[in-house]
Structures are given as structure tokens and as C-alpha cells.
Amino acid sequence: MKKHCCDDMAYHENFKCEIHEKPFECPDKLVIYYEKDNEYGLIIHDGGSSSIEILFCPWCSKKLSEGK
């Protein structure tokens with residue numbers, strides 16, 4: 001399991017919705033972690049499966065992994 005920079009990031013990245021099967025369908029799922037690329041993203045809730053890469057934690061401001 002990935003060690004996150006803060007409790008808030010851990011909560012939001014590990015959040016599992018009881019209603020929506022896919023993370024991109026759930027309005028409460030805010031952050032996604034791409035283990036393959038070692039990148040974090042903010043989910044864009046527009047009906048698709050897009051996210052915007054983030055380099056700093058939205059909650060604690062620590063620098064996140066830079067990916068490849």
C-alpha cells in the first residue's frame with residue numbers, strides 16, 4: 001500500500017464509494033493515484049474518465065512524486 005503525505009490525501013485516494021462502482025462516476029472521489037506512473041490526479045467529473053496531474057498535495061502542500 002502506498003504511504004501518502006498526509007491523512008487527508010490517504011483518505012481521499014483510498015475512498016471507496018458504496019454507491020458508484022467506478023471512481024470517475026462518484027462525485028465524492030476527488031483524487032486518483034496511478035501506481036504505474038507514480039502520479040496523482042484530480043478527477044474531472046464531466047462524465048468521462050479524465051484527471052489532471054497534481055504535483056503538490058491539495059491539503060498539506062507537500063510535493064508529491066513526480067512520476068516518470
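What follows draws every value from the coordinates through simple rules; no lab data is involved. Since the model is a prediction, treat every value here as computed from it, not as a measurement. Quick reminder, even Gly has a Cβ in these numbers, built from the backbone with ideal geometry, and neighbours come from all protein chains shown.
What the table shows:
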item	result
Candidate set from the stretch 5-39 (those that are among the aliphatic types (A, V, I, L, M) and without any contact (Cβ under 8 Å) to a residue 12 or more places away in the chain); member that is surrounded by the most Cβ atoms within 10 Å (Cβ to Cβ)	ALA10
Conditions (1) in contact with a Gly (Cβ under 7 Å, 6 or more places away or on another chain); (2) of a type outside the set (A, V, I, L, M); (3) outside any loop (DSSP other than H, G, I, E, B); number of the one not met by ASP37	(3)
Hits in the stretch 48-58 - residues which are within 15 Å of LYS29 (Cβ to Cβ) and either in a loop (DSSP other than H, G, I, E, B) or of a type in the set (Phe, Trp, Tyr) (or both)	GLY48, SER49, PRO58
Enumeration of residues in the stretch 22-34 that are assigned to a loop (DSSP other than H, G, I, E, B) and either touching a Leu at 6+ places or on another chain (Cβ under 9 Å) or among the small types (Gly, Ala, Ser) (or both)	LEU30
Residues satisfying the stated conditions in the stretch 11-56, i.e. under 10 Å from the mean Cα position of the chain (by Cα) and hydrophobic (A, V, I, L, M, F, W, C)	PHE15, LEU30, VAL31, ILE32, LEU42, ILE43, ILE52, ILE54
Residues that are within 22 Å of SER65 (Cα to Cα), surrounded by fewer than 17 Cβ atoms within 10 Å (Cβ to Cβ) and either touching a residue at least 60 places away in the same chain (Cβ under 8 Å) or not β-branched (Val, Ile, Thr) (or both), drawn from the stretch 42-54	LEU42, SER49, SER50, GLU53
